[in-house]
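See structure below.
The values are calculated or read from the model by the stated rules, or taken from the named source; none is laboratory data. Remember, it's a predicted structure, so these values are computed and weren't measured experimentally. For neighbour counting, all protein chains shown are included, and Cβ atoms are generated from backbone atoms with ideal geometry for every residue, glycine included.
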Amino acid sequence: MKNKRLEKFKETLKSMGIDGALVYNDANRNYLSYFTGNESYAIITYENALFITDSRYTEQAKMQVEDFEVKEYRTDIYSFIKDAVASLRIKKLGFEENYMTYNMYDKLRSLMPEVEFVPLNRVIEKQRQIKDENEIENIRSAAKIADDAFLHMLKFIKAGMSEYDVGIELEFFMRKEGASALSFPSIVASGKRSSLPHGTATQKIINAGDFLTLDYGCIYNGYCSDMTRTIVIGKASQKQKEIYDIVLHANEEVLKDVKPGILTSDLDKVARDIIGDHGYGKNFGHGLGHGVGMEIHELPRVSKTGNETLRAGMVITDEPGIYLPDFGGVRIEDLVLVTEDGCDVISKSDKKLIELD
């Protein structure tokens, strides 16, 4: 079967006037080749596609990689790339300016002074924004594991255990359910620490009256999930209920506006205006969301400065929050698929305020 992702990228190279591209970022290379390993390289022209790896991955690459010629290098990778570029007669070489180190750039430039290096301007990442049916199914599977984990954790969490206890159980459950890894280190933040948007688990004891924020996800078949729920241990105070209801309202109003054609900055503004109107604007510092796929943070950026237009097939997060130092914070995050006429909320976990006895 023809590798449609690769063919589309070749057409993009042609439209940019670039003879060929060197791709080695794991997600970009694996997206184009269907490889699942790492530490490998791809050189792609209009007519050719080379997959370059070493003896650790040669057999795997020959089994997995579609529509590439697999080459094994045994000596210096820079010299191998130089010879490959010369054999393919590449004069303009696209490169991933956000991933290539200065050291690599400097070595390749010195080896190939006759070659013009042209930034790819994230064209592969932009192509990856629109998920195909198989990608969406993998994301749904990862999200289902996360949803099941939340139900499990509601039975597991008790006052008196540590954030570490919660984080370990969360990871263990998701791995048992088929996850290959966490999407990112789980955020488990309780009490006053819940005002830390990226408060990873500590030995802090979870106490009655605490907010407990769980922001986590897992990887299934190479694709990530991402979800946040905030609960209260014991009975919620009036202020906790107030903060929670504002964030939930912002989250749900955003979902009404997710559809093709809306600017990501306008979507961010929906949540930011609601939170600001209640006097907590300065307590919502991060962007509303981001794309999710093979990486946990992908294009598009859903923020005040985001200028991308939503299109059907994008998967984004909707995660407004309010964070009050010395009190605590609330974030509610859904994983959302943009459809032809609106959106489909992939995260299914309950969003009503849960008070755990």
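Tabulated values for the structure
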| quantity | calculated |
| --- | --- |
| Answer residue from the stretch 39-63, given it is of a type in the set (Phe, Trp, Tyr) and surrounded by fewer than 23 Cβ atoms within 10 Å (Cβ to Cβ) and is farthest from the chain's Cα centre (by Cα) among those | Tyr46 |
| Identity of the residue in the stretch 200-214, surrounded by fewer than 24 Cβ atoms within 10 Å (Cβ to Cβ) and part of a strand (DSSP E or B), that ends up farthest from the chain's Cα centre (by Cα) | Ile205 |
| Any hit, the stretch 260-271, residues being under 25 Å from Asn138 (Cβ atoms), aliphatic (A, V, I, L, M) and surrounded by fewer than 21 Cβ atoms within 10 Å (Cβ to Cβ) | no |
| Neighbours by Cβ (under 7 Å, 6+ apart or cross-chain): first from the stretch 175-186, in contact (Cβ under 8 Å) with a residue 60 or more places away in the chain; second of a type in the set (Asp, Glu) | Ser183/Asp226 |
| Meets criteria (basic (Lys, Arg) and in a strand (DSSP E or B)) for Arg229 | yes |
| Search result, residues across the stretch 170-180 that are loosely packed, with under 13 Cβ neighbours inside 10 Å and either among the charged types (D, E, K, R) or not in a helix (DSSP H, G or I) (or both) | Lys176 |
| Candidates Leu22, Leu32, filtered to the one that is assigned by TED's automatic domain parsing to the domain that holds Leu120, assigned to a helix (DSSP H, G or I) and touching a strand residue (DSSP E or B) at 6+ places or on another chain (Cβ under 9 Å) | Leu32 |
| Residue that is surrounded by the fewest Cβ atoms within 10 Å (Cβ to Cβ) [pool: residues in the stretch 78-113 that are out of contact with any Leu (no Cβ under 8 Å at 6 or more places or on another chain) and β-branched (Val, Ile, Thr)] | Thr101 |
| Output for the stretch 181-199, where each listed residue is in a loop (DSSP other than H, G, I, E, B) and closer than 15 Å to Tyr323 by Cβ | Leu196, Pro197, His198, Gly199 |
| Every residue from the stretch 125-152 that is under 17 Å from Asn3 (Cβ atoms) and either of a type in the set (Asp, Glu) or surrounded by fewer than 21 Cβ atoms within 10 Å (Cβ to Cβ) (or both) | Gln127, Ile130, Asp132, Glu133, Asn134, Glu135 |
| Flag for Ile157 being assigned by TED's automatic domain parsing to the domain that holds Glu298, at pLDDT 95 or above and more than 21 Å from Ile219 (Cβ to Cβ) | yes |
| Residue in the stretch 247-265 that is under 30 Å from Glu133 (Cβ atoms), outside the structural domain of Phe35 (by TED's automatic domain parsing), without any contact (Cβ under 8 Å) to a residue 12 or more places away in the chain and among the basic types (Lys, Arg) present | yes |
| Qualifying positions in the stretch 323-346 - closer than 26 Å to Gly281 by Cα, within 25 Å of the chain's Cα centre (by Cα) and either surrounded by fewer than 18 Cβ atoms within 10 Å (Cβ to Cβ) or among the hydroxyl-bearing types (Ser, Thr, Tyr) (or both) | Tyr323, Val345 |
| Sole residue being aliphatic (A, V, I, L, M) and within 22 Å of the chain's Cα centre (by Cα), chosen from Ile81, Ile130, Ile77, Ile90 | Ile130 |
| Looking only at the stretch 2-25, and only at residues there that are β-branched (Val, Ile, Thr) and closer than 12 Å to Tyr46 by Cβ, the one that is surrounded by the most Cβ atoms within 10 Å (Cβ to Cβ) | Ile18 |
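A quick yes/no check of all residues on (1) within 20 Å of Met294 (Cα to Cα); (2) in contact (Cβ under 8 Å) with a residue 24 or more places away in the chain:
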position: Glu125; (1), (2): yes, yes
position: Lys155; (1), (2): no, no
position: Ala159; (1), (2): no, yes
position: Glu169; (1), (2): no, no
position: His198; (1), (2): no, no
position: Lys204; (1), (2): no, yes
